[in-house]
Amino acid sequence: MSELEFPSKILENAVNEFARLPGIGKKSALRLVLHILKQDKESVYQFANAITTLIDEIKYCKNCFNISDSDICAICANPRRDQAIVCVVENVRDVMAIENTHQYQGIYHVLGGLISPMDGTGPDDLTIDPLEEKLKKGEVKEIIFALSTTMEGDTTNFFLYRKFQSYPVKFTTIARGVAIGDELEYADEVTLGRSLIDRQPFDKNIQ
């Protein structure tokens with residue numbers, strides 16, 4: 001594809017910034033920027049303010065590492081949630097996907113990624129140590145592995161299981177209603193909800 005010719009350096013800089021977003025090419029970025037230029041200034045300033053507020057004020061829950069408006073997220077702070085059941089997920093999108101099923105009443109732990117030597121991501125890059133601190137307190141009774149059913153997800157599941165299996169905790173995994181190779185965020189709510197309800201002992205998956 002030939003390079004776009006811009007009549008304005010300001011326009012070009014804006015397009016280049018939008019094109020840095022995942023899944024956005026130069027032509028899509030140009031359409032977005034031109035759309036913004038057609039909006040009234042108040043709407044554009046509101047959009048820009050939402051972005052700067054996101055960067056300046058967003059927090060990560062000190063307990064589970066979910067995105068939050070406060071130091072402790074609404075899920076962890078909810079007294080009706082079962083603090084003894086911890087669902088381990090890769091990212092915030094997975095928390096949102098599971099919450100949309102309305103089938104889970106425990107809390108979460110967001111790893112922030114998966115072990116992937118190909119991508120240069122190792123155990124030290126994830127929030128594994130804080131998860132172990134929860135286990136050391138003796139308040140956790142069940143760990144649910146709800147990672148994507150990919151090679152990286154299975155590798156991470158196995159690493160965590162081997163690392164934590166000396167703790168008196170029940171280890172389960174979501175049922176394979178989620179197809180092999182699927183990302184949790186793309187699973188439909190009924191399938192994902194059923195996979196949580198029908199979770200099974202993790203050790204059955206590694207025999």
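The values are calculated or read from the model by the stated rules, or taken from the named source; none is laboratory data. This one's a predicted model, so the numbers in the text were calculated from it and none came from an experiment. Cβ atoms come from the backbone with ideal geometry, glycine included; neighbour counts cover every protein chain shown. Just the protein is used for accessible areas: all its heavy atoms, side chains included, with ligands, DNA and RNA removed. Shrake-Rupley method; radii C 1.70, N 1.55, O 1.52, S 1.80 Å.
Quick notes
- Accessible surface calculations at 1.4 Å, restricted to protein heavy atoms, place the chain at 62 Å² per residue.
- Compactness relative to 2.2 N^0.38 Å, alpha carbon Rg of the range 101-156: 1.25
- Spacing of the modelled spin labels on Glu132 and Met96, each 7 Å from Cα toward Cβ, amounts to 3.2 nm.
- Over the C-alpha trace of the range 71-184, radius of gyration and Dmax come out as 13.6, 41 angstrom.
- Estimated from helical segments only, the mean residue ellipticity of the chain at 222 nm is -12000 deg cm²/dmol, where each DSSP H run of four or more residues counts as -39500 (n - 2.57).
- Accessible-area value, Lys59, 1.4 Å probe, nucleic acids and ligands omitted, Å²: 80 Å²
- Within straight-line cross-link reach of Lys141, lysines at Cα separation under 18 Å, skipping those fewer than 8 residues along the same chain: Lys163, Lys170
- Area accessible to solvent at Glu3, 1.4 Å probe radius, in Å²: 140 Å²
- Pairwise FRET efficiency - Ser166 versus Leu4, Cβ, R0 = 41 Å, nearest 0.05: 0.10
- FRET efficiency for the Tyr60 to Met118 pair, using the beta carbon distance and R₀ = 35 Å, is estimated at 0.85.
- Calculated log₁₀ intensity ratio I(q)/I(0) where the Debye formula runs over C-alpha points of the range 1-109, q = 0.13, 0.14, 0.21 Å⁻¹: -0.71, -0.76, -1.06
- The lysines whose alpha-carbon is closer than 26 Å to the alpha-carbon of Lys26, local same-chain residues fewer than 8 away aside, are Lys9, Lys38, Lys41.
- With the gyration tensor restricted to C-alpha atoms of the chain, the semi-axes of the equivalent ellipsoid amount to 39, 20, 16 Å, longest first.
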